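Report on the structure given below.
The values are calculated or read from the model by the stated rules, or taken from the named source; none is laboratory data. These figures come from a predicted structure and were not determined experimentally. When we count neighbours, we look across all protein chains shown, and the Cβ atoms used for this are built from the backbone with ideal geometry, even at glycine.
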Amino acid sequence: MKHFLPILLFAFLVSSCDNKKSNLMITGQITGLKKGTLYLQKIGDTSLVNIDSIQVEGSSDFSFTTYIDEPQIMFIELDRNDGDDYADLINFFAEPGELRLMTSLKNYGIDLEITSNFENQKKLEEYNEVITRFNNQRLDLIEANFEASKSQNEEKLDSLNKRFNSILKRKYLYTVNFALNNKNLEVSPYVLLSEAFDANIKYLDTVYTALDKPIRKSLYGKKLDELIKERKKNDEESVETEVIEEVYKE
């Protein structure tokens with residue numbers, strides 16, 4: 001009996017560790033893929049970090065199981081093993097549970113279909129649908145700006161610049177409103193960090209203050225707090241520099 005209890009405890013600990021490693025299952029299919037390597041990744045301190053990888057040989061189906069502490073953006077990179085250094089990436093908002101991805105080799109990530117019950121992912125798709133329209137409008141203006149620059153049309157350039165700033169402002173306002181309307185989800189601080197990190201500091205502060213307490217303590221809530229503090233510090237240093245310069249001028 002004395003020997004049995006330690007063995008039982010060890011078995012329990014091993015079982016607990018195994019359970020901790022697999023609270024997220026990702027399955028999928030890449031139509032047309034016969035050979036390649038898939039990497040499951042997350043955002044590290046300065047770059048993407050590989051969590052797991054699988055070799056694809058003959059079958060277009062794949063699956064990953066892993067453990068995550070909390071909801072977060074994750075990636076699946078496709079290496080076609082063709083010597084091309086260009087990274088083919090799919091991103092999604094992962095949560096504990098199950099998620100399925102469907103795409104094709106020809107249009108990897110472009111024709112992506114995601115099936116899950118993850119609320120953050122559903123809201124991110126809703127957000128991206130609107131943001132894509134803003135980004136497309138900006139691309140059209142960049143092309144028009146290039147043509148106006150070639151013809152040295154200053155009046156046209158000034159008009160395009162005003163329209164560009166207007167679109168950027170609308171994008172920021174939509175992002176802030178989206179974040180406020182989803183303050184109970186991790187996607188709220190995430191969209192600010194990814195799409196509006198350089199917006200007016202008062203908007204970032206307003207959203208952070210409105211976040212539900214668990215979201216403020218989440219991965220992206222903490223990063224948003226760090227961003228706000230860093231920007232406020234930089235603003236204070238900038239003001240101090242301007243004051244010193246004015247003193248020297250006098």
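Here's the yes/no breakdown for (1) surrounded by 13 or more Cβ atoms within 10 Å (Cβ to Cβ); (2) under 28 Å from residue 188 (Cβ atoms); (3) assigned by TED's automatic domain parsing to the domain that holds residue 44; (4) at pLDDT 95 or above:
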site	(1), (2), (3), (4)
207	yes, yes, no, yes
215	yes, yes, no, yes
226	no, yes, no, yes
237	no, no, no, no
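Give me the pairs: first residue in the stretch 53-69 and in the same structural domain as residue 29 (by TED's automatic domain parsing) and more than 22 Å from residue 96 (Cβ to Cβ), second residue of a type in the set (Gly, Ala, Ser) and modelled with pLDDT under 95, beta-carbon distance under 6 Å, and six or more apart or on different chains, which are they?
56/36
Quick check on my filter: what residues within the stretch 29-58 are in a loop (DSSP other than H, G, I, E, B) and surrounded by 11 or more Cβ atoms within 10 Å (Cβ to Cβ)? Steps first, answer last, please.
Keep residues of the stretch 29-58 that are in a loop (DSSP other than H, G, I, E, B), which gives 32-34, 44-47, 58.
Once the filter is applied, which keeps residues that are in a loop (DSSP other than H, G, I, E, B) and surrounded by 11 or more Cβ atoms within 10 Å (Cβ to Cβ), the stretch 29-58 yields 32, 33, 34.
How about the stretch 67-82: which of its residues are under 19 Å from the mean Cα position of the chain (by Cα) and in a strand (DSSP E or B)?
Keep residues of the stretch 67-82 that are under 19 Å from the mean Cα position of the chain (by Cα), which gives 67-78.
Within the stretch 67-82, 72, 73, 74, 75, 76, 77, 78 meet the criteria.
Taking the stretch 159-175, which residues are surrounded by 11 or more Cβ atoms within 10 Å (Cβ to Cβ), charged (D, E, K, R) and without any contact (Cβ under 8 Å) to a residue 12 or more places away in the chain?
Selection gives 169 alone.
Restricting the first residue to the stretch 129-149 and requiring it to be assigned by TED's automatic domain parsing to the domain that holds residue 168 and over 16 Å from residue 166 (Cα atoms), which pairs with a second residue that is charged (D, E, K, R) and modelled with pLDDT under 85 meet a Cβ separation below 8 Å and a spacing of at least six or different chains?
Final answer for the pair search is 148/156.
Residue by residue through the stretch 52-77, note down the ones that are under 30 Å from residue 184 (Cβ atoms) and of a type in the set (Ser, Thr, Tyr).
Matches in the stretch 52-77: 65, 66, 67.
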